[in-house]
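Every number here is computed from the coordinates shown, using simple stated rules; none is lab data. The shown structure was predicted, so the numbers you read here are calculated from the model rather than taken from an experiment. Here Cβ is always computed from backbone atoms with ideal geometry, including for glycine, and neighbour counts include all displayed protein chains.
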Amino acid sequence: MSAASDNRWFGDLLLSWYAENGRQLPWRETHDPYKIWISEVVLQQTRVEQGLPYYLRLTNRFPTVADLAEAKEDEVLKYWQGLGYYSRARNLHAAAKHVCNNLNGHMPATYEGLKALKGVGDYTAADIAALAYGLPHAAIDGNGYRVLARVFGINTPIDSTQGKKEFARLGAELVSTDNPGNFNQGLMDLGATICTPQNPQCDNCPLSGKCYALANKQWQQLPVKEKKTKVHDRYFYYFQITLPDGRIIANQRKGKDIWTGLFDFPMIENATELEQKDLFAGKDFKALRKRMKGLSVVKEGKSIKHQLSHQTLHATLFFCTATAATLKDCEQAVTAGEFDELAIPRLIELLREKEDP
DNA sequence: AAACCGGGGGC
DNA sequence: GCCCCAGGTTT
């Protein structure tokens, strides 16, 4: 008896549960690999509730891979604004152009072909292959790791190289060859709605009778994760500089830091919190003042704190006027209304909401 | 192997 | 305050 038939119960229970309890989502009503691809990238590290409106707007504006390929990157980023992990949008756009320029506009139809696309890794390639083409590839995401670790009592860390191999092997063994798409979707839905990180609903789980973690009261210990990310503080001091003609200075961020390519205001970063007098006495502020002739600070806006996964951003916005400006480097002046149309970091949106009416 | 890349929500 | 989310790329 092969290992696959030993574990047939898993796929059988999962698929019958999914048939009754699966969520109805727009990308499940199509086999269009392009639209499935969009949904996959939007939903990387993103909850369905958060990603859904972005998926709908993107597929409405860019219904085909050619529509996406022909767009400017600025517009693609604008449709991504607020979703985070902006390299996803750049990779998606670059890959769409690659499909149109080098693959005759046809999406790859194999796991290997899909994985070769920018921004498509093991998980995404496997899920598109299963959903669009019915190929028997298991797509193990964070939900899948949790379900498998609990049901089979696997304590290998899910973020280790060995763990990834072990779970991939198990997934390949379990995946339904009849309906790999529904197998993958069912595994995710089960993890997202029943086998949740906290307070799993084991009473409603189709696998409860076979679950190691439930039988051994281990669900709080599984899955095992070894890396702890630590959060550090950053202090951003922004200057919204209004020119005599009413325009304001915008700054396009460069380098490999957060929000690369997006727009914010001229700013000074310091490793520690600064008093206003120390900030204004600093050489960075003097350099800014030199570029902006007649720069004067009208008022200080409220400070806000913006919590991210790996850093805590502390931001203060100063409202300024300048009688004249020397526009250099990446800086440019835009009207206030135009600025709102740019892909601006969430932090700036929050600061502007604090602006007095 | 570890670090980096966002924003939102649950508890 | 900590953890997690339909992960992938870079160093």
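Tabulated values for the structure
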{"read-out": "DSSP bridge pairs, chain A: antiparallel proportion in percent, nearest 5", "value": "65 percent"}
{"read-out": "Cα-projected label distance for residue A:326 with residue A:290, points at 7 Å along beta-carbon direction, nm", "value": "0.8 nm"}
{"read-out": "Using a Förster distance of 45 Å, the FRET efficiency for residue A:193-residue A:277 (Cβ separation, nearest 0.05)", "value": "0.25"}
{"read-out": "Spatial separation of Cα centroids for the range A:186-228 and the range A:119-179, in angstrom", "value": "16 Å"}
{"read-out": "At R0 = 41 Å, FRET efficiency that the Cβ-Cβ distance of residue A:212 and residue A:312 yields, to 0.05", "value": "0.60"}
{"read-out": "The range A:3-215, relative contact order in percent, only Cα pairs under 8 angstrom and at least six apart counted", "value": "24 percent"}
{"read-out": "Too-long pairs where the Cα-Cα distance tops 22 Å, listed order kept, from A:35/A:115; A:115/A:164; A:290/A:354", "value": "A:290/A:354"}
{"read-out": "Prolate/oblate/rounded call for chain A, Cα gyration tensor, a/c under 1.5 rounded", "value": "prolate"}
{"read-out": "Pairwise FRET efficiency - residue A:56 versus residue A:243, Cβ, R0 = 45 Å, nearest 0.05", "value": "0.75"}
{"read-out": "Estimated 222 nm signal from helices in chain A, with DSSP H stretches of n ≥ 4 weighted -39500 (n - 2.57), rounded to 500", "value": "-13000 deg cm²/dmol"}
{"read-out": "Theoretical gain in end-to-end length, residue A:230 to residue A:161 [0.36 nm per residue, Cα-Cα removed]", "value": "22.8 nm"}
